[in-house]
Amino acid sequence: MSRRSFAGKSIVETVLMLPLVLPPTVVGFLLLVLLGRNSWIGAAVEWLFNKPVIFSWGAAVIAAIVVSFPLVYQSMRVGFESIDAELEDSARSAGAGEWQVFRWITFPLVRRAALSAYILAFARGLGEFGATWMVAGNIPGVTQTLPIAIYIAVGNGDSRLAWAWTGFMILFSWLLLAASGIGRKSEQKRK
């Protein structure tokens, strides 16, 4: 997407970025319709695995991936756009195939952007609430996520548990954000 132009590219990019700006409950509703038993995807998954995807841990994973995907897409696109095409062209002119160019030139140059993108997406996925609640529900020990557990603890008046989970989420999220920034700082020192 960062290097090719085609008819409808802006439409495709807009669709890929929509989960970033849509309310998570809207994304969850769309996933519910798309993956539910009445859809062909949901029916196919249930036929293949003999159980529905909705209200399973898989649904929680799908919701987290869909909601956090725009972060990965945007970061990776910017990373690929920052690569000097002449470097790749030089490798091709020296006889390297496309896989070799990707393996030895492109991937090492985009590695830090990819790592940062996936760490940020993972952190965003951990905090997902609305879409997860819609498609996975709240089944303790199966689909209950930390944000849902905090919500339930607050609703039950258990502020100690809510604070404990909140403190854990803040600490873990801070560690993830710090890890995503490590690559940038070491790269800046080299310049």
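Results, tabulated for the structure shown:
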{"read-out": "Solvent-accessible surface ranking, highest first, for LYS51, LYS9 at 1.4 angstrom", "value": "LYS51, LYS9"}
{"read-out": "The chain: C-alpha gyration tensor shape, a/c 1.5 cut-off, then a/b vs b/c", "value": "oblate"}
{"read-out": "Length gained when the stretch ASP84-SER39 is fully extended (0.36 nm per residue, less Cα-Cα span)", "value": "11.8 nm"}
{"read-out": "SER159 accessible area, 1.4 Å probe, all protein chains in place, Å² to nearest 10", "value": "70"}
{"read-out": "Carbon/sulfur fraction of accessible area - the chain, other protein chains in place, 1.4 Å, %", "value": "68"}
{"read-out": "For ILE139, residues with placed amide H under 5 Å, excluding near neighbours", "value": "GLN144"}
{"read-out": "Relative contact order, percent, the chain [alpha-carbon distance under 8 Å, six or more residues apart]", "value": "25"}
{"read-out": "GLU128, GLU98, GLU46, reordered so the largest accessible area comes first (probe 1.4 Å)", "value": "GLU98, GLU46, GLU128"}
{"read-out": "Total charge dipole magnitude, the chain, about the Cα centre, Cβ charges on Lys, Arg, Asp, Glu only, Debye to nearest 20", "value": "380"}
{"read-out": "Structure-based [θ]222 nm, the chain - -39500 (n - 2.57) summed over DSSP H runs of at least 4, per residue, nearest 500", "value": "-24000 deg cm²/dmol"}
{"read-out": "Helix axis angle, 159-190 relative to the chain longest principal axis, alpha carbon, degrees", "value": "0"}
{"read-out": "Whole-Hz couplings from phi, Karplus 6.51/-1.76/1.60, listed for segment 64-80; x for Gly and Pro", "value": "5, 5, 5, 5, 8, 3, x, 5, 5, 4, 5, 5, 5, 4, 5, x, 5"}
{"read-out": "Local electrostatic count at ALA96 - Lys and Arg +1, Asp and Glu -1, tallied over other residues with Cβ under 12 Å", "value": "-1"}
{"read-out": "Gain in span if fully extended, TRP47 to LEU177, counting 0.36 nm per residue against the direct Cα distance", "value": "42.8 nm"}
{"read-out": "Cα-derived Rg to Rh of segment 18-79, Kirkwood definition", "value": "1.06"}
{"read-out": "Surface accessible to a 1.4 Å probe, per residue, for the residues of the chain, Å²", "value": "65"}
{"read-out": "Accessible area in the full protein assembly, largest first, 1.4 Å probe, for ILE41, ILE170, ILE148", "value": "ILE170, ILE41, ILE148"}
{"read-out": "Three-way shape call for segment 109-153 based on the alpha-carbon gyration tensor, with the a/c threshold at 1.5", "value": "prolate"}
{"read-out": "For segment 135-183: rounded, prolate or oblate by the Cα gyration tensor [a/c cutoff 1.5]", "value": "oblate"}
{"read-out": "ASP158 accessible area, 1.4 Å probe, all protein chains in place, Å² to nearest 10", "value": "70"}
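The values are calculated or read from the model by the stated rules, or taken from the named source; none is laboratory data. The structure displayed is predicted, hence computed values, not measured ones. Cβ sites come from the backbone with ideal geometry, for glycine too, and all protein chains shown count toward neighbours. Accessible surface areas use protein heavy atoms only, side chains included; no ligands, DNA or RNA. Shrake-Rupley method; radii C 1.70, N 1.55, O 1.52, S 1.80 Å.
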